[in-house]
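Below you'll find the structure, written out as structure tokens, and then a few comments.
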Amino acid sequence: MSEIRVVLVDNDVSWQKNLKSILQKVGCLVVGEAEDGLTAIKIIRARQPDIAIIEASVPVKDGVEVAKIINEDRLAPVVLTSANYRQELLDNAINAGVKGFLVKPIDESSLIPAIEIALSTYHEMDQLERNIKKLEDKLESRKLIEKAKGILMETMGLSEKQAFQRLQKQSMNKRVSMRAVAEAIIMAHNLQNDI
């Protein structure tokens, strides 16, 4: 667990010290501390921690609001802490994208697994989102290539295979992706039809 960069957010300074002590003991690096939600957001943006541990009831912006902002901006996973358990708070935390929830008092045996699970879940979700983006890009590229092939087949009387080979050859000759060639063909065709 060493070298995990953590930002701690808690308006109870003694709890903040307690958590910092536990984290340092297991080799984590506390890169920032805040006592309110607004300061927490600024510190998290500036320090780019691996994880943020945030008390639910911090002033200015509460922990759930902060977690929601951090999650939407993909800044870091959040483990939310609270002095007590309430189903409404847990539901709000889940909706805000919180990756872990701990009820005080917190000790090493509950904090460390929560951090590791939060990090693992966050990285897994990040990888899934990247994979989805790649698949969406591939699908969009295929659609554009199919459209460009159709244009070549229609305007030049080529077979599907010949149109694909022409796209492929242009891609290699120009040293650009087939998608870029397809986009250029579609754009030229659209311009020509607009005249």
Next item on the list: Kindly provide the set of residues from segment 145-163 that are more than 36 Å from the chain's Cα centre (by Cα), of a type outside the set (Val, Ile, Thr) and surrounded by 13 or more Cβ atoms within 10 Å (Cβ to Cβ), ordered by number.
Entry: Gly150, Leu152, Met153, Leu158, Gln162, Ala163
Note to self: Between a residue in segment 1-23 that is free of Cβ contacts under 8 Å to residues at least 12 places away in the same chain and any residue that is assigned to a helix (DSSP H, G or I) and buried (at least 18 other Cβ atoms within 10 Å of the Cβ), which pairs come within a Cβ distance under 6 Å, given they are 6 or more apart or on different chains?
What the structure shows: none
Notebook entry, point to check: In segment 84-101, which residue that is among the hydrophobic types (A, V, I, L, M, F, W, C) and out of contact with any Asp or Glu (no Cβ under 8 Å at 6 or more places or on another chain) is nearest to Gln48 (Cα to Cα)?
Noted result: Val98
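We did not get these values from a lab; they are worked out from the coordinates using the rules stated. The structure presented is a predicted model; accordingly, all values stated were derived computationally and were not measured. Cβ coordinates were reconstructed from backbone atoms using ideal geometry, including for glycine residues, and neighbour counts include every protein chain displayed.
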